[in-house]
Amino acid sequence: MSEGLRFALTARSEGPITIADYRRSARRALPAMVWAYVDGGAETGLTMADNCAAFDRWTLRSRVLTGNSGTKLDTTVAGTALSLPVFLSPTGMTGLAHWQGERAAARAAEAAGTRAVISTASSYTVEEVAEATADDHFFQLYPWTSRTTGEPLSGKFIDRARTAGYTALFVTVDVPTAGNRIGERKHGMGIPPTLTPGRALSAAVRPRWAYGFLRHQRISARMLVDERGTKAAVASARTQQNLLRPDLVWDDFGRIRDLWPGPVYIKGILDAEDACRAVDLGADGVLVSNHGGRQLDGAPAALDALPAVVDRVGSRVPVFLDGGVRRGTDVVKALALGATAVGIGRPYVYGLAARGQAGVEHVLEIFRQEIVRTLTLMGVDDVADLNRSHVQRAAARP
Ligand code: FNR
């Protein structure tokens with residue numbers, strides 16, 4: 001057997017070893033319409049791409065002969081000890097990627113010693129996820145209200161999450177209106193989706209996905225369906241304007257904060273002034289995020305926005321980041337710039353699409369191993385020791 005062929009066979013049998021490998025597997029596993037939903041960004045995708053590129057604009061400090069080997073990755077989020085400084089950010093309609101959806105993702109997070117933030121628009125309800133898991137997870141709230149009936153959906157969602165034992169609330173504030181996701185529109189991704197023969201074929205040639213989808217029907221925003229009934233939920237999700245609230249103001253955030261007895265984090269902050277306002281109103285922490293580049297195209301990369309937010313509120317509350325985290329080195333850079341932990345969105349959805357719960361577990365294991373290796377090469381033992389002296393702006397490339 002030639003050396004080249006042997007290498008090709010061995011490399012293949014090892015399976016995915018990076019998040020980029022999982023991305024490729026997910027793309028193969030999903031119909032084009034679902035892939036557009038999972039992987040797409042707003043408009044030209046500028047901010048989505050910059051989220052990743054921003055990490056390359058920093059270099060890591062490397063000290064030798066320290067005897068350190070990256071043994072401590074623990075951190076605390078919402079009073080919960082995590083053994084990995086990476087949590088699962090909320091993703092809606094995760095059942096589209098794999099019928100096991102958020103239940104599998106949350107179980108995988110637990111197995112990895114971390115937690116999932118379950119979306120208001122999740123394919124499984126908060127009760128179903130709670131039933132499927134051993135530990136308490138976190139709930140993400142879209143402050144939705146029916147504008148036609150004034151129905152206070154937020155209060156209902158909050159009550160359900162509290163009763164189901166969720167310990168922290170993440171209030172997402174960067175969706176006053178739907179981002180212009182051109183890829184999704186071109187592929188007919190909507191509620192309900194617009195099917196064409198080509199789109200149906202793209203699903204039919206993926207029998208594993210199609211079977212899971214048809215058999216379990218774990219599709220859109222299950223809690224919305226519970227609260228409003230299928231028809232009303234589909235109608236409001238279709239127009240979205242019945243749900244989204246461009247008229248929300250800071251007082252509304254304050255009111256929501258008061259409805260939740262435990263820690264409340266604000267998600268979707270890019271501006272230090274906004275971070276400060278949220279903390280003044282009782283936010284227990286800030287998640288710096290541009291929604292993975294799915295909302296305002298042209299917004300700064302999450303990592304670029306992080307230092308100013310940390311400088312402004314980091315001494316009062318923990319600051320988290322999500323957006324573009326794809327490698328262990330990315331996690332370490334974000335922590336060095338002041339994040340307490342980081343969230344991942346697409347990376348775990350890739351794992352889920354490719355291999356269900358086992359895929360998400362493996363994605364988190366890849367992060368763990370990469371973080372340990374990075375710390376060891378830097379001569380750092382504990383993620384808690386990371387600070388700005390560990391990163392430097394990369395020299396401008398020609
Ligand atoms: C999201 N995101 C998101 N955020 C949120 O607060 N509620 C939600 O329901 C969703 N839904 C959602 C679906 C999908 C398919 C994606 C990819 C993202 C945003 C998410 O929480 C997070 O901010 C980004 O995904 C982080 O960027 P990366 O890790 O995907 O680059």
### Query
Which ones in segment 332-364 are among the small types (G, A, S), closer than 16 Å to A302 by Cα and assigned to a helix (DSSP H, G or I)?
A334, A336
### Task
Go through G338, G324, G379, G314 for me and flag whichever is out of contact with any Ser or Thr (no Cβ under 8 Å at 6 or more places or on another chain) and over 23 Å from P263 (Cα atoms).
G324
### Query
Pairs under 9 Å by beta carbon, first residue closer than 17 Å to Y348 by Cα in segment 26-43, partner at pLDDT below 95 and aromatic (F, W, Y), six or more apart or different chains?
A29/W209; L30/W209; V34/W209; V34/F213
### Task
Just give me the residues in segment 89-142 being within 20 Å of L224 (Cβ to Cβ), more than 11 Å from the ligand (Cβ to nearest atom) and among the β-branched types (V, I, T), in sequence order.
T125, V126, V129
### Query
For the subset of segment 51-83 comprising residues that are within 15 Å of the ligand (Cβ to nearest atom) and closer than 30 Å to L141 by Cβ, which member is surrounded by the most Cβ atoms within 10 Å (Cβ to Cβ)?
N51
### Query
Does segment 299-309 include one or more residues that are touching an Asp or Glu at 6+ places or on another chain (Cβ under 6 Å), over 18 Å from A109 (Cβ atoms) and either surrounded by fewer than 24 Cβ atoms within 10 Å (Cβ to Cβ) or at pLDDT 95 or above (or both)?
yes
### Query
Is it true that G229 is within 16 Å of the ligand (Cβ to nearest atom), surrounded by fewer than 17 Cβ atoms within 10 Å (Cβ to Cβ) and modelled with pLDDT under 90?
no
### Message
Going through V383, V372 one at a time, which residue ends up being crowded, with 21+ Cβ neighbours inside 10 Å and touching a residue at least 40 places away in the same chain (Cβ under 8 Å)?
### Response
V383
### Query
Name the pairs whose Cβ atoms lie under 6 Å apart, with the first residue in segment 175-196 and under 16 Å from L30 (Cβ atoms), the second away from the ligand (no atom under 13 Å from the Cβ) and assigned to a loop (DSSP other than H, G, I, E, B), and 6 or more positions between them or separate chains?
G188/T194
### Query
If only one of L73, L30, L65, L96 is under 16 Å from V325 (Cβ atoms) and over 14 Å from the mean Cα position of the chain (by Cα), which one is it?
L73
### Query
Out of (1) closer than 18 Å to S119 by Cβ; (2) assigned to a helix (DSSP H, G or I), the odd one out for L214 is which?
(1)
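Just checking, does segment 341-362 include any residue being within 14 Å of the ligand (Cβ to nearest atom) and more than 18 Å from T18 (Cβ to Cβ)?
Within segment 341-362 (the criterion being within 14 Å of the ligand (Cβ to nearest atom) and more than 18 Å from T18 (Cβ to Cβ)), the answer is yes, since at least one residue qualifies.
Which of the following residues is under 30 Å from K156 (Cβ atoms), modelled with pLDDT of 95 or more and either buried (at least 24 other Cβ atoms within 10 Å of the Cβ) or away from the ligand (no atom under 16 Å from the Cβ) (or both): G324, G314, G282, G338?
Numbers: G324 fails: under 30 Å from K156 (Cβ atoms); G314 fails: under 30 Å from K156 (Cβ atoms); G338 fails: under 30 Å from K156 (Cβ atoms).
When all the criteria are applied, what remains is G282.
The values are calculated or read from the model by the stated rules, or taken from the named source; none is laboratory data. Just so it is clear, the structure is predicted and the values come from calculations on it, not from any experiment. Glycine also receives a Cβ, built like all others from the backbone with ideal geometry; neighbour counts cover every protein chain displayed.
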